[in-house]
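For reference, the structure discussed in these notes is given below.
The values are calculated or read from the model by the stated rules, or taken from the named source; none is laboratory data. Not measured: the values here are computed from a predicted model. Cβ placement follows ideal geometry from the backbone for every residue including glycine, while neighbour counts extend to all protein chains displayed. We work out accessible area using only protein heavy atoms, side chains counted, and drop any ligands, DNA or RNA first. Shrake-Rupley method; radii C 1.70, N 1.55, O 1.52, S 1.80 Å.
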Amino acid sequence: MGGTSPALKPPSDAVKPVRHPDAPAPGELLGAHYEQCFGCGGEQPHGLHLAARAGEGVTITAEFTVRAAHQGAPGLAHGGVLASALDETLGSLNWLLRTIAVTGRLETDFVRPVPVDTVLYLEAEVTAVAGRKIYSTATGRIGAPDGPVAVRADALFIEVKVDHFIDNGRPQEIRAAMDDPDQVRRTRAFEVNP
């Protein structure tokens, strides 16, 4: 992105990201981190139902089909929904680092309209890490994974402890997630979220 703000430029002492040895294998479908998540959750009737796959290194590919419920202008995706798809994809990168992180800043460029019933093909990668700060970038294309660019974003994620969610989330949802007998689902519920 040409107009990226200084806050999204990694400092000179930033390091190259390292994929965690326990990260999902390249090509593996990540699945929902929380079933009520607007971005990836299957229990959200108007959610994005974004499907992300681990890529090589610290990269993710994802797909999202724009539905009528996602309209802004007639027949076109709402810009905020497209920003949500980018944010969800960028946030999924943190699974490859095995880091709990939240969006600190997201800057989005809207390059061309995205019609309803279009599949948005997203690619994202972590570009640098500096302490608790994780820098990443994403591109969304229409028509095919190598189709024309429709949206792109740069982001800064901040590593947090699970207490961030416990202290700030709505108690009944926190309790329900923490009481889930499935240990994997219980852990993943707190992996990526704003």
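Accessible area ranking (1.4 Å probe, heavy atoms, ligands and nucleic acids excluded), largest first, for GLU107, GLU43: GLU43, GLU107. Would you please classify the overall shape of the stretch 1-133 from the alpha carbon gyration tensor, given that a ≥ b ≥ c denote the square roots of the eigenvalues, rounded means a/c under 1.5, and beyond that prolate means a/b larger than b/c while oblate covers the rest? Oblate. Per-residue surface analysis assigns HIS49 an accessible area of about 80 Å², computed on protein heavy atoms at 1.4 Å probe radius. The residues THR65, THR118, sorted by heavy-atom accessible surface at 1.4 Å with ligands and nucleic acids left out, run THR65, THR118 from largest to smallest.
Between ALA128 and THR65, the modelled labels are 4.0 nm apart [label points 7 Å from Cα along Cα→Cβ]. In the full protein context, the stretch 1-97 carries 47 Å² of accessible surface per residue, based on a 1.4 Å probe and ignoring ligands, DNA and RNA. The stretch between GLU35 and VAL15, if pulled fully straight at 0.36 nm per residue, gains 3.9 nm over its current Cα-Cα span.
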